[in-house]
Amino acid sequence: MGKVVSINISSTRGIEKSQIESVNIIKGWGLAGDGHGGNWERQVSIFPIEALELVPPDKKDEVLNGGYTENITIAEVDLAHFCVGSKIKIGEAIIEILHIGKEEYKEHGRPYIVSREGRFGKVVDGGLVRVGDDARLI
C-alpha cells in the first residue's frame, strides 16, 4: 500500500505549487483552492515518486530541485498497474486515471518527469486527503 508524500496546490495554472498538509478533494472538480479544478479530464495530477528512477542522470539534480508541479505526490504504488483506467483511493477520495503524461513534454525542472509520468484524472468520490494517508489502487 502506498502513502501520500505531499499535497500541493496553486491558485493558477503554470506556476509552482505550495505544499499543504491536507485538502478537501471535490467530486467532479478537483482539489479545493487549486487552479486546475474544473469540469475536465485533468482535475487532479498525481506523481508516483518511483518514476524518478526514469529521469536521466544529467537531469536528476534539476528535477529533484525543481518545485512541485503535481497536486499529490505518492510513494510505493506499483507503476505497472497505475495505468489509464485504474482508480486510486487516496485518503477519502477516489481518482480515476484518464491520462499518463501530457501531450507535450516539458524539458526543464520537475515538469520534465511529471509531463512524462504524471497521472491525471477525474475525482470519482471526494473527501479529505492528508499527508501520510494511504494510497492504494482499487
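The values are calculated or read from the model by the stated rules, or taken from the named source; none is laboratory data. None of the values given here were measured: they were computed from a predicted structure. Neighbour counts are summed over all protein chains in view; Cβ atoms, including those assigned to glycine, are modelled from backbone coordinates with ideal geometry.
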>> Just checking, does segment 63-78 include any residue being assigned to a loop (DSSP other than H, G, I, E, B), without any contact (Cβ under 8 Å) to a residue 12 or more places away in the chain and in contact with a Ser or Thr (Cβ under 8 Å, 6 or more places away or on another chain)?
In response: no
> Within segment 25-45, can one find any residue that is within 15 Å of R130 (Cβ to Cβ), of a type outside the set (G, A, S) and in contact (Cβ under 8 Å) with a residue 12 or more places away in the chain?
Replying inline: yes
> Restricted to segment 25-36, and to residues that are at pLDDT 95 or above and under 13 Å from the mean Cα position of the chain (by Cα), which residue is farthest from Y105 (Cα to Cα)?
Replying inline: I25
> Looking only at segment 25-49, which residues are out of contact with any Ser or Thr (no Cβ under 7 Å at 6 or more places or on another chain), within 20 Å of L137 (Cα to Cα) and surrounded by 15 or more Cβ atoms within 10 Å (Cβ to Cβ)?
Replying inline: I25, I26, G30, L31, R42, Q43, V44, S45, I46, P48
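Within segment 36-61, which residues are aromatic (F, W, Y) and closer than 20 Å to S18 by Cα?
Here is the first cut: in segment 36-61, the residues aromatic (F, W, Y) are 40, 47.
Scanning segment 36-61 gives a single hit, F47.
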> Are any residues in segment 80-131 more than 19 Å from K3 (Cβ to Cβ), among the acidic types (D, E) and over 14 Å from the mean Cα position of the chain (by Cα), and if so, which ones?
Replying inline: E103, E104, E107, D125
